[in-house]
Amino acid sequence: MPDPDPFWWRDAEPTRPRKVEGGIQINSTRGQVARTWWSQRFLSVLESLGVGGRLSRGRSYARAGQIVSLDIDVGGAVAQVQGSRPQPYQVRLGVPAFGKAEWAAVAQALAEEASYAAALLNGEMPRDIERVFEAVGLSLFPANERDLAMDCSCPDFAVPCKHLAAVCYVLAERFDADPFQILAMRGRHREALLDELRTRRSAAPPPAHGEDLVEAMDRFWVAGDLPEQLAGPRTPPDALLDQVPPFPIEIRGEQVAELLRPAYRALGTEI
């Protein structure tokens, strides 16, 4: 009679994992793990590739600090995750790295748009950066299952297992803090990319419709030619007296305005 519960149906690790002192853990104690759009995008890509449904298996591992070590470099990330066995499991999450020519095309596209360079220099991932990669025939995040390798030395046949899933959560928080680690996995580290952007932007010719700022400042406060005489309607100098209400008293039988009129007219000829 066949075994009603063959070994490949059984949980590969039914016992509690061994406690890790000083292990790597995520800061989120409940709810959503990823805070930035690029980390959320990373996790959503995993879900779109059909592995997202099993990510929750590793959330408790990630929160408990079961990850002994994690290194992110060109081509992906490698980690050690402690399970119930004495030796930690070896975990690898791999993505293809781009070549020199491919990164040159990406850097040129990023340098041509000032907002992209400004965001990266500020430690943020530009919202449209995926379009930049797509325009040169690349994909920043894994595009399909062939673009993502996930391996673990544990006996669990499922991919991702809880150990891989835990690493994915920690990666998401790492990406929150430093989006350049996403680019590093594809083959370009932070300083190398920023140096290339600065070089390409400094070598770019100024826009045809603009002019040098220093030259513009030389003329900024220079006034233009003024007309020799301001043109306008000629108003009699004593016209104001016609707007004044009559005084209630007279001087020697004459209105005060009429006594002042010769003086106003004389002033008008002096101006």
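Of note:
- As a length-normalised measure over Cα pairs under 8 Å and 6 or more apart, the relative contact order of the range 53-96 settles at 28 percent.
- Length-normalised contact order of the range 57-160 in % [C-alpha pairs under 8 Å, at least 6 apart]: 23
- Here the residues 116, 264, ranked from fewest to most Cβ neighbours within 10 Å of their Cβ, fall in the order 264, 116.
- Relative contact order, whole percent, for the range 11-203 stands at 33, derived from Cα pairs under 8 Å and 6 or more residues apart.
- Among the chymotrypsin sites (Phe, Trp or Tyr not before Pro) within the range 152-205, those in coil by DSSP and having at most 14 neighbouring Cβ atoms inside 10 Å are 157.
- Applying the criteria of a DSSP loop state and at most 16 other Cβ atoms within 10 Å to the trypsin sites (Lys or Arg not before Pro) of the range 86-144 yields 127.
- Kirkwood radius, the range 11-203, all distinct C-alpha pairs, inverse of mean reciprocal distance: 17.4 Å.
Laboratory data are not the source of any read-out in this text; all were calculated from the coordinates shown. Here the structure is a predicted model, which means the values were calculated and not measured. Positions of Cβ are backbone-derived with ideal geometry, glycine not excepted, and every protein chain shown enters the neighbour counts.
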